[in-house]
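A quick write-up on the structure given underneath.
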Amino acid sequence: MTNPLYNALFATGEPDAPAFHTDSGIVTYGDLQAVSARWGNALISLGVTPGDRVAVQVEKSPENLILYLATVRAGAVFLPLNTAYTQAELAYFLGDAEPALVVCDPSVATTVEAIAGDARVATLDRAGKGTLASRAAAQPAEFVTVARAETDLAAICYTSGTTGRSKGAMLTHRALLSNAATLKDLWRFTPNDVLIHALPIYHVHGLFVATNVALIAGASMILQARFDPGAVLRAMLRATTLMGVPTFYTRLLAHPGLTRDAVVGMRLFISGSAPLLAETHRAFAERTGHAILERYGMTETGMNTSNPYDGDRTAGTVGFPLPDVDLRIVDPDSGKRLSQGEIGGIEVRGPNVCAGYWRNTAKTAEAFRDDGYFITGDLGVIDARGYVAIVGRGKDLVISGGLNVYPKEVESEIDAIPGVVESAVIGLPHADLGEAVTAVVATGGASDLTEATVLDALGDRLAAFKRPKRVLFTDDLPRNAMGKVQKALLREQHASLYD
Ligand code: MLC
Ligand code: AMP
């Protein structure tokens, strides 16, 4: 049967070749096919039909990845959710996506059942155990892979917006498959590669860039539940590649074990999801002899650009548009194409781009130009050699340790706290996280609010990574002549808060 993404992921790996290296041993490509068959049968026994959403908020484990493969194989739509999301946040996603099945940690099954609507609820814990795993174990290892068209959805990934609630980017088989195939070639992945996989698997970086590229190449992955520099350094002894956010590289640089000897078997270090400082690039090259390869992407588009494998991996740039991606720099207001060297909005078009936002035609229409280009909201410039550099964001967004935080969402929660007149949430330079979410709260001079009361109030409303690392108080927020809060001024005033 034709299932474009599933078939491609298993086209190269030999049945007895390793796919996962886990704490409890090797899982081969053959094992993955057999186990994902059992899990596919389990999904169907739970009523999942082609096109249904399977919402998954569970810790990273080999079984979680098998659930992804089984969902695709069963023709359903994988919907990963950050494990840090609170129940309040989860309720929104379930209401919007209307999944047929929600998979959650056993410890929250009762509360999830209360907000799951018509969806069935099954469980999976960090050790890969739970009602779903038990059900799968009792299923046959034969499964007729469900046929899908290239335009059918394989996944929905939610991404927040500058205004309003999160939107579900609809990712087709074609989008995921074309991006994985392109990156495999560009980054020269082969069955001999061993990728250190220490990223979370609820975002496109860990789920699609890392997992799909490794599988489509027939390579293997050392699966680590979370990023721990010591464990990554130990894994380098038997690995060839690492993909990470910039915080991975700054934390590795802070570890005395990062030496030339530690990386002798490694051929490639890739960074993305947030800007890699040129000084991190330089320091890493000095310590290890490796130039980190930086690439640029987003949830809605997968990867758009990459520094070259051969040739100059230029610090401070994200390299060239991928071979099948059209990229242009435009005047953000008029949409008019700008000349080389001019700074403007980055727009992309290609097979990698999502099919729009789930059940949100208005936001979809806003995000695309009439000629099909997707408006990324990033500001960039192309140099004379064709390298793209990201020079800022047209969208009000903070990226903390590779995770996106939309200030509006945090401000709305802070503004609801008694005693707060208004707030401004900004990103300030932070050596570890790149940017740290910081709140400036205006109290009108008449409140006894403290940093602790504000943070306590946000506790069960916002995931921990969205909560401000610091809360500063002021009588009033600075405004420009148009009455708009001057966030740039606030960023300047507090630029050295985390030094
Ligand atoms: C965890 N915390 C964070 C955080 N991660 N706070 C801010 N920003 C983050 N990114 C919180 C924890 O909840 C905890 O809060 C406290 O900080 C200490 O956590 P930690 O032990 O330092 O965190 P750690 O587990 O080490 O995680 C840090 C990290 C992780 C950077 C390794 O966040 C990570 O793996 N980031 C990668 C994210 C990613 O994959 N992004 C890709 C998106 S896709 P408390 O309150 O409990 O103490 C994308 C497209 C593309 O952007 O181009 O790839
Ligand atoms: P997300 O919505 O989580 O997919 O985040 C996508 C955003 O991350 C992009 O729009 C960029 O702003 C940012 N991003 C991803 N990769 C890079 C990079 N290499 N350099 C700078 N910003 C990046």
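The values are calculated or read from the model by the stated rules, or taken from the named source; none is laboratory data. As the structure is a prediction and not an experimental result, all values here were calculated from the model. Cβ placement follows ideal geometry from the backbone for every residue including glycine, while neighbour counts extend to all protein chains displayed.
Miscellaneous remarks
- Qualifying residue in region 331-342 (condition: within 26 Å of the chain's Cα centre (by Cα) and either within 16 Å of ligand 1 (Cβ to nearest atom) or at positive phi (or both)): no
- All positions within region 299-338 that are more than 16 Å from ligand 2 (Cβ to nearest atom), outside any strand (DSSP E or B), within 21 Å of residue 371 (Cα to Cα) and at pLDDT 95 or above: 323, 324, 331, 336, 338
- Some residue of region 181-191 being modelled with pLDDT under 95, within 16 Å of ligand 2 (Cβ to nearest atom) and outside any loop (DSSP other than H, G, I, E, B): no
- Set 489, 455, 449: member being out of contact with any Cys (no Cβ under 8 Å at 6 or more places or on another chain), of a type outside the set (Gly, Ala, Ser) and within 17 Å of residue 408 (Cα to Cα): 455
- Single unsatisfied condition, residue 457 versus (1) loosely packed, with under 14 Cβ neighbours inside 10 Å; (2) more than 16 Å from ligand 2 (Cβ to nearest atom); (3) of a type in the set (Gly, Ala, Ser); (4) not in a loop (DSSP other than H, G, I, E, B): (1)
- Among the candidates 345, 257, residue that is assigned to a strand (DSSP E or B), touching a Leu at 6+ places or on another chain (Cβ under 8 Å) and farther than 21 Å from residue 179 by Cα: 345
- Residues in region 192-218 that are away from ligand 1 (no atom under 16 Å from the Cβ), touching a helix residue (DSSP H, G or I) at 6+ places or on another chain (Cβ under 8 Å), part of a loop (DSSP other than H, G, I, E, B) and not charged (D, E, K, R): 218 alone.
- Scanning region 238-254 for residues that are in a helix (DSSP H, G or I), closer than 15 Å to residue 198 by Cα and not hydroxyl-bearing (Ser, Thr, Tyr) turns up 238, 246, 248, 251, 252.
- Candidates 412, 447: the one that is in a loop (DSSP other than H, G, I, E, B), of a type in the set (Ser, Thr, Tyr) and surrounded by fewer than 19 Cβ atoms within 10 Å (Cβ to Cβ) is 447.
Conditions tested, residue by residue: (1) more than 16 Å from ligand 2 (Cβ to nearest atom); (2) under 18 Å from the mean Cα position of the chain (by Cα); (3) not hydrophobic (A, V, I, L, M, F, W, C).
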| residue | (1), (2), (3) |
| --- | --- |
| 201 | no, yes, no |
| 217 | yes, no, no |
| 220 | yes, no, yes |
| 224 | yes, yes, yes |
| 227 | yes, yes, no |
| 230 | yes, no, yes |
| 239 | yes, no, no |
| 253 | yes, no, no |
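- Taking every residue in region 278-291 that is closer than 16 Å to residue 245 by Cα and pairing it with any residue that is in a helix (DSSP H, G or I) and at pLDDT below 95, at least 6 positions away or on another chain, yields no pair with a Cβ-Cβ distance below 7 Å.
- Residue that is farther than 29 Å from residue 92 by Cα and within 15 Å of ligand 1 (Cβ to nearest atom), where the choices are 352, 304: 304
- Residue tally, condition out of contact with any helix residue (DSSP H, G or I) (no Cβ under 6 Å at 6 or more places or on another chain), among the small types (Gly, Ala, Ser) and closer than 18 Å to residue 48 by Cβ, over region 117-132: 2
- For region 238-251, the count of residues that are away from ligand 1 (no atom under 16 Å from the Cβ) and not polar (S, T, N, Q) is nonzero.
- Matching option when the condition is more than 18 Å from residue 345 (Cβ to Cβ) and part of a strand (DSSP E or B), among 438, 376: 438
- Meets criteria (among the β-branched types (Val, Ile, Thr), crowded, with 16+ Cβ neighbours inside 10 Å, in contact (Cβ under 8 Å) with a residue 40 or more places away in the chain and more than 16 Å from ligand 1 (Cβ to nearest atom)) for residue 318: no
- Filter pass, residue 235 being touching a strand residue (DSSP E or B) at 6+ places or on another chain (Cβ under 6 Å), under 30 Å from residue 156 (Cα atoms) and either within 16 Å of ligand 2 (Cβ to nearest atom) or in a helix (DSSP H, G or I) (or both): no
- Residues that are within 25 Å of the chain's Cα centre (by Cα) and either surrounded by fewer than 19 Cβ atoms within 10 Å (Cβ to Cβ) or farther than 21 Å from residue 207 by Cα (or both), drawn from region 23-49: 23
- Note on region 408-435: residues that are within 21 Å of the chain's Cα centre (by Cα), within 14 Å of ligand 1 (Cβ to nearest atom) and more than 20 Å from residue 316 (Cα to Cα) amount to 1.
- Some residue of region 167-180 being more than 15 Å from residue 354 (Cα to Cα) and surrounded by fewer than 24 Cβ atoms within 10 Å (Cβ to Cβ): no
- Those residues of region 114-135 which are β-branched (Val, Ile, Thr) and closer than 20 Å to residue 91 by Cβ, in sequence order: 115, 121, 123
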